[in-house]
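Q: Handing you a structure now.
Just so it is clear, none of the values below were taken in a lab; they were calculated from the coordinates. Note that the coordinates shown come from a computational prediction; the quantities given were computed from them, not determined experimentally. Because the Cβ atoms are built from the backbone with ideal geometry, glycine has one as well, and the counts that use them run over all protein chains shown.
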Amino acid sequence: MTVRTIGLWVWALLLAGRLCAQDSPRPAHGEPAAPTEYPRAELLVETEQLALWLGKDEKAPTHPNLVLIDARTAEAFELTHLPFAQNVESDPLQAPDSPPYFMPGPDAIAKLAEACGIQANSRIVVYDAEGGRQAARVWFTFWAYGHDQVSILNGGYPKWRDEEGRVTRNAYKPAAGTWKPLDRPRGLLAREDLARYRPRQTAPGQPTLTTLLDARSYAEYMGQDARAKLGGHVPGAVNLPYDVLLNAVSPRQKDPNSKDEGYWVWKPPQEIHALFRAACIQKSEPLGAYCQSGVRSAHLVFSLRLMGYEVSNYYGGWREYGNRDDVTIEK
C-alpha cells in the first residue's frame, strides 16, 4: 500500500501543476463550500448499517427488500461470503463486440435480475474485495438499466471480515425477481459523443473547465503503458485515476502470516470535493468518464454521483478508442 499511496500523492502534485496553474486562480468569494456529508449518501452503505439490515436470522435478512450481491470471483464466493448474498462476477457485464455501448442487452439483465431476486423495490447492496472496483461495474449496470436503489458497501468484504462480520458458505435462493430493466440503458456515451466533451471556458479570466475524465493510471494516460494499438488519451481529457478517491485502512489486528494488507474506503466528502476542484469540474457542465473497459470509469462515475454530479460513462473506453485508426490522441 505504501507504493500505491506515494503514487497518489505524485498524481495530486502533477494534477495541481498541470491543470489550474495555467489559468487564472479562482476567486476566494463565491466558491461552493466543501460538503460535510456525501450529497447522495444513500449510494454508499457502511458495514454497521448492513449488519442491521442482515440481522441475525439464518433464514432471511431483517430488511425485507434487501438484495446482497457479491461481485468477487466465483471461487472466492464459494469459500465464504456474506449471508444471503448472490454471486455476480463483473466481467460478464460487458459486451466487447456490441457497439456503441458495449453492454449486455436488457434481456440478459432481466434474466440476471430474476436469478438474483431483484424486484422494483429491492434495496441492492454490492460488495467486492477491491475497494469497490468490481462492485462499481455491477452497480453501474443495474443503475444504467433503471434501478435507483443500488449501493456499494464501503470497504467491502475485507472491512466486513476485519470487523468480524458474519460469513457463511451456505447458498441462499431468493424468490425470482420481477424487475424489468429499461429498454435502453441511461448514462452511457458512444465514441461519437466524445466530440461534445471538450474543455471549455465559461468566462474570461476563469479556469478552463474539464468535461471528460480519464479514470486510468497516469502511465496509461500519458501513453507509457499502452493497453491498445495506440497509447495516450482522448484529446482534452483530464486524468483522475479512480483510486485517488480512496483511503487505505490497515487491518485492526495484523496477522504476520496473512497476506491481507487491509482495505480501501472512500475518502471523506471534503477531500473528494478538493480533488474534484483540482480537476476543474463543475456540476453545471456536462461530464463524461472513461477508462480501459468500463470498470474503473464505473467506479469514478459512482464517486461523482456520490458527490452529486451527473456524469455519463464511455463504456467502450480505450479498448475501443485506442484500437481505431480514425481517432486523434494526446500524450
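Q: Lysine pairs in the chain 8 or more apart or on different chains: how many have alpha carbons under 18 angstrom apart?
A: 8
Q: Which whole-number percent gives the relative contact order of the stretch 41-162, counting Cα pairs below 8 Å spaced six or more residues apart?
A: Across the stretch 41-162, relative contact order equals 31 percent.
Q: Of G146, W266, L230, whose Cα points farthest to the positive end of the dipole of the chain (charges on the beta-carbon: +1 Lys, Arg; -1 Asp, Glu; origin at the Cα centre)?
A: Farthest towards the positive pole: L230.
Q: Quick one: which of 293-302, 182-191, 67-76, 166-175 comes out on top by average Cβ neighbours within 10 Å, and what's the full order, highest first?
A: Working: 293-302: 26.9, 182-191: 15.7, 67-76: 20.4, 166-175: 12.4.
Ranking, from highest mean packing down: 293-302, 67-76, 182-191, 166-175.
Q: Sticking with this structure for a sec: Would you kindly derive the ³J(HN,Hα) couplings of the stretch 155-166 from the backbone phi angles with the Karplus curve 6.51 cos²θ - 1.76 cosθ + 1.60 (θ = phi - 60°), listing them in order in whole Hz, with x for Gly and Pro?
A: Values, residue by residue: x, x, 4, x, 5, 4, 6, 4, 8, 6, x, 5 Hz.
Q: Turning to a different aspect of this structure: Need one number: % antiparallel among DSSP beta bridges in the chain, to the nearest 5.
A: In the chain, DSSP labels about 25 percent of beta bridges as antiparallel.
Q: Calculate the FRET efficiency for Q224 and E164 from the Cβ-Cβ distance with a Förster distance of 45 Å, rounded to the nearest 0.05.
A: 0.60
Q: Take the Cα pairs of the stretch 41-162, get the Kirkwood Rh, then feed it into Stokes-Einstein at 10 °C and 1.306 mPa s and tell me D in µm²/s.
A: The Stokes-Einstein estimate is 109 µm²/s.
Q: Once you place label points 7 Å from the Cα toward the Cβ at E261 and E285, how far apart are they in nm?
A: Placing both labels 7 Å along Cα→Cβ, they lie 3.4 nm apart.
Q: Rank-order 283-289, 93-99 by packing density, defined as the average count of other C-beta atoms within 10 Å over each peptide's residues, highest first.
A: Numbers: 283-289: 17.9, 93-99: 14.3.
Per-residue mean Cβ counts within 10 Å order the peptides as 283-289, 93-99.
Q: Whole-Hz Karplus ³J(HN,Hα) for the stretch 92-99, in order, using 6.51 cos²θ - 1.76 cosθ + 1.60 and θ = phi - 60°, x for Gly and Pro?
A: Karplus values, whole Hz, x for Gly and Pro: x, 8, 8, 9, x, 9, 10, x.
Q: Further question: May I ask you to derive the relative contact order of the chain, considering only C-alpha pairs under 8 Å and at least 6 residues apart, and to give it as an integer percent? Please list the in-between numbers first.
A: Values: 628 pairs, mean separation 70.4, N = 331.
That works out to 21 percent.
Q: Please report L50, L245 as a ranked list, fewest other C-beta atoms within 10 angstrom at the top and most at the bottom.
A: Going from least to most buried by this count: L50, L245.
Q: Still on this structure, I have one more. Which value, in debye to the nearest 20, gives the size of the charge dipole of the chain about its Cα centre, when Lys and Arg are +1 and Asp and Glu are -1 at the Cβ?
A: Using Cβ point charges on Lys, Arg, Asp and Glu, the chain gives about 340 debye.
Q: Could you tell me which residue out of V295, V125, A71 lies farthest along the dipole of the chain toward its positive end? Charges go on the beta carbon: Lys and Arg +1, Asp and Glu -1, centred on the Cα centre.
A: About the Cα centre, the residue reaching furthest to the positive side is V295.
Q: Within the set of other residues whose C-beta is less than 15 Å from the C-beta of V295, count the net charge using Lys and Arg as +1 and Asp and Glu as -1.
A: With Lys, Arg at +1 and Asp, Glu at -1, the neighbours total -1.
Q: Could you compute the net charge surrounding Y101? Neighbours are other residues with a C-beta less than 11 Å from the C-beta of Y101; K and R count +1, D and E count -1.
A: With Lys, Arg at +1 and Asp, Glu at -1, the neighbours total +1.
Q: With each run of n ≥ 4 DSSP H residues scored as -39500 (n - 2.57), what mean residue ellipticity at 222 nm is computed for the chain after dividing by its residue count and rounding to the nearest 500 deg cm²/dmol? Provide the component values of the computation, followed by the final result.
A: Working: 10 runs with 92 residues, N = 331.
For the chain, the value works out to -8000 deg cm²/dmol.
Q: Would you mind working out the magnitude of the charge dipole of the stretch 41-162 relative to its Cα centre, with +1 at each Lys and Arg C-beta and -1 at each Asp and Glu C-beta, to the nearest 20 Debye? Kindly include the intermediate steps, with their values, before the conclusion.
A: Numbers: 9 positive and 17 negative charges, 34 e Å.
Magnitude of the dipole: close to 160 debye.
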